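K.L.:
One structure, as structure tokens, below. Some questions next.
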Amino acid sequence: MKNWAKVMLPLLAVLALGVTVFAAEPVKLTFAYRTWDIDYPRFLNWYIPTFEKLMAAKGTPVDIEVVELPAPDDPYRESLVLRLAAGTAPDIFMLDTFYIPADAIAGYLLDLTDMLAAWPDWAFWTPAAKGAITFQGKVWGLNRHVDVRPLYYRKDIFKLAGLPVPWQPKSWEDLLEAARTINAKRAEIAKALGVADIIPIAIKAGSLSGEATTMQGFYMLLLGAGGRLYDAASGKWVAKSSALLDTLKFYHKIYIEEKLSVDPEFWMAGAPIDTIHPYLSNAGQRPQDPALAIFPTWDGVWYDCAPGGKWELPERDERLGYCKMPAKEPGAGIRGQDFVTISGGWAMVINAKCKHPELAFEFLKFVCSKGEVLAHRIEYPGPVRLPTRSDITQDPAFKKLATPYDNWCATELVPLTTFRPGLPAYPKVSDLVQEATDKILLGEDPEDVLEWYAKALTALVGADNVIELP
């Protein structure tokens with residue numbers, strides 16, 4: 001009896017205090033991230049193991065298993081869709097925000113609206129960031145960052161061409177005049193830099209480039225012409241407009257009429273996106289390749305061209321410049337803007353079939369907490385990360401780490417930005433846009449291409465869902 005008391009009484013006291021004596025079986029969650037992203041190692045080496053320790057300390061052990069899907073964007077999406085349809089997708093996964101509407105409609109995503117409303121930190125998300133993850137009044141994911149699209153230009157090429165540096169074009173005609181000036185001195189500039197050729201300007205094009213064509217190429221022009229793919233006022237897709245025609249004409253001008261860019265075939269074979277970016281960073285270290293002078297693309301390219309970056313440009317700050325993408329003419333851009341840009345980004349979402357949604361949501365909150373976002377910024381001070389949380393940009397730690405480029409993106413581009421239409425039909429409409437640029441690259445007349453687009457769009461979404469605008 002005495003021996004029993006010595007053993008059991010302390011045990012009963014421990015149980016009375018609510019301390020778990022016997023470890024519970026860990027709850028299993030599966031997780032898929034973009035393996036090609038710079039912070040993927042942080043998920044493997046910090047977020048997941050740290051979260052598992054925190055949950056174990058709370059008495060709710062969790063085991064997160066990483067599921068690696070193919071890279072980059074398109075193969076990742078294809079594999080994810082197959083798994084979602086088969087009911088085998090991970091519990092938590094990264095999703096490009098423009099797929100949220102389609103996946104929400106399909107019943108693949110968990111509605112996080114009530115969970116987020118009960119989380120005090122949700123109040124810090126900026127309206128633009130919330131808009132990217134909201135569909136039909138409900139929130140379907142949680143995002144840490146947004147991005148923007150500047151216009152890059154090569155300072156060294158501009159100087160050799162006798163063009164001004166710094167440079168801020170105010171119209172499409174300014175873009176064309178700079179490209180024409182460079183084109184006139186193409187051979188001598190190439191010789192001076194020790195490269196095979198000079199490409200005056202490039203705008204992403206073609207179906208092979210996927211969403212990059214629509215968002216980073218076509219949309220940058222369309223917004224500058226004052227247009228959109230979807231008219232929110234009428235609730236209909238735009239089949240025809242002067243802005244759509246102007247956009248197609250600009251493609252036709254640089255690729256077909258004046259030949260100010262790469263040969264059209266460039267975008268229709270191989271892996272053009274993987275090829276075009278290194279051209280922007282070529283200053284003679286790859287003499288067999290050309291160098292690219294003017295190019296709108298996503299904001300992270302500035303850091304990809306940094307020392308040690310995947311497209312390293314020697315003496316980057318002296319050779320590479322950035323500015324705002326101009327509207328067709330001052331005041332002609334969307335919302336009457338002089339300059340335009342567009343934002344995207346990825347979000348963490350929870351599978352609607354997740355058996356432990358509350359624990360999955362705890363992981364999202366942990367990764368997106370202020371402390372972790374700041375710590376991420378400290379570990380990765382290079383690539384621009386424009387936080388979705390308003391309390392981050394005001395924090396002294398962030399201000400200390402932010403580069404002039406980061407601050408420029410945040411102050412000059414974010415106020416100008418917009419998002420792609422959050423509608424289920426958008427991905428298929430985007431495919432039509434890419435196909436339209438294919439037709440331009442093949443030499444078809446812009447007005448004929450617009451007629452084709454209008455018919456194809458009508459067939460896709462229905463005659464009651466399209467509108468023609470001036």
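The values are calculated or read from the model by the stated rules, or taken from the named source; none is laboratory data. Model, not experiment: these values are computed from the prediction. Cβ atoms come from the backbone with ideal geometry, glycine included; neighbour counts cover every protein chain shown.
K.L.:
Name the residue, out of 222, 208, that is crowded, with 23+ Cβ neighbours inside 10 Å, at pLDDT 95 or above, of a type in the set (A, V, I, L, M) and within 22 Å of the chain's Cα centre (by Cα).
P.N.:
Just one listed residue meets the conditions, 222.
K.L.:
Please state which one of 30, 88, 50 is surrounded by 12 or more Cβ atoms within 10 Å (Cβ to Cβ), hydroxyl-bearing (Ser, Thr, Tyr), at pLDDT 85 or above and part of a loop (DSSP other than H, G, I, E, B).
P.N.:
Within the list 30, 88, 50, the selection yields 88.
K.L.:
Pull out all pairs, ordered by first then second residue, where Cβ-Cβ is under 7 Å, the residues are six or more apart or on different chains, the first lies in region 393-411 and is without any contact (Cβ under 8 Å) to a residue 24 or more places away in the chain, and the second is surrounded by 13 or more Cβ atoms within 10 Å (Cβ to Cβ) and part of a loop (DSSP other than H, G, I, E, B).
P.N.:
Filtered contacts from region 393-411: 406/384.
K.L.:
Search region 315-328 for residues that are in the same structural domain as residue 156 (by TED's automatic domain parsing) and closer than 13 Å to residue 158 by Cβ and pair each with any residue that is of a type in the set (Phe, Trp, Tyr) and in a strand (DSSP E or B) when their beta-carbon atoms are under 6 Å apart and the residues are at least 6 apart or on different chains.
P.N.:
Listed by first residue and then by second, the contacts come to 321/153; 322/152.
K.L.:
Report yes if some residue within region 321-330 is modelled with pLDDT of 95 or more and hydroxyl-bearing (Ser, Thr, Tyr); otherwise report no.
P.N.:
The answer is yes; a qualifying residue exists.
K.L.:
Test residue 429 against the criterion of being within 28 Å of residue 86 (Cα to Cα), out of contact with any Phe, Trp or Tyr (no Cβ under 6 Å at 6 or more places or on another chain), touching a residue at least 60 places away in the same chain (Cβ under 8 Å) and among the aliphatic types (A, V, I, L, M), and give yes or no.
P.N.:
Yes, satisfied.
K.L.:
Which pairs turn up if I take residues in region 176-187 that are in the same structural domain as residue 160 (by TED's automatic domain parsing) and look for partners that are among the hydroxyl-bearing types (Ser, Thr, Tyr) with beta carbon separation below 9 Å, at least 6 apart in sequence or on another chain?
P.N.:
From residues that are in the same structural domain as residue 160 (by TED's automatic domain parsing), the pairs are 178/153; 179/261.
K.L.:
Based on what the data block shows, is residue 121 in contact (Cβ under 8 Å) with a residue 24 or more places away in the chain, part of a loop (DSSP other than H, G, I, E, B), in the same structural domain as residue 354 (by TED's automatic domain parsing) and within 29 Å of residue 37 (Cα to Cα)?
P.N.:
no
K.L.:
Taking residue 449 as the residue in question, decide whether it is outside the structural domain of residue 85 (by TED's automatic domain parsing), β-branched (Val, Ile, Thr), in contact with a Leu (Cβ under 8 Å, 6 or more places away or on another chain) and at negative phi.
P.N.:
It is true that residue 449 is outside the structural domain of residue 85 (by TED's automatic domain parsing), β-branched (Val, Ile, Thr), in contact with a Leu (Cβ under 8 Å, 6 or more places away or on another chain) and at negative phi.
K.L.:
Here is a follow-up. Could you tell me which numbered condition residue 135 fails, if it satisfies all but one of (1) at pLDDT below 95; (2) surrounded by fewer than 20 Cβ atoms within 10 Å (Cβ to Cβ)?
P.N.:
(2)
K.L.:
Only one residue in 88, 126 is hydroxyl-bearing (Ser, Thr, Tyr) and either within 30 Å of residue 389 (Cα to Cα) or assigned by TED's automatic domain parsing to the domain that holds residue 298 (or both), so which one is that?
P.N.:
So the residue among 88, 126 that is hydroxyl-bearing (Ser, Thr, Tyr) and either within 30 Å of residue 389 (Cα to Cα) or assigned by TED's automatic domain parsing to the domain that holds residue 298 (or both) is 126.
K.L.:
Report the residue count in region 335-362 for those that are within 22 Å of the chain's Cα centre (by Cα) and under 24 Å from residue 89 (Cβ atoms).
P.N.:
Residues flagged as within 22 Å of the chain's Cα centre (by Cα) and under 24 Å from residue 89 (Cβ atoms) within region 335-362 amount to 8.
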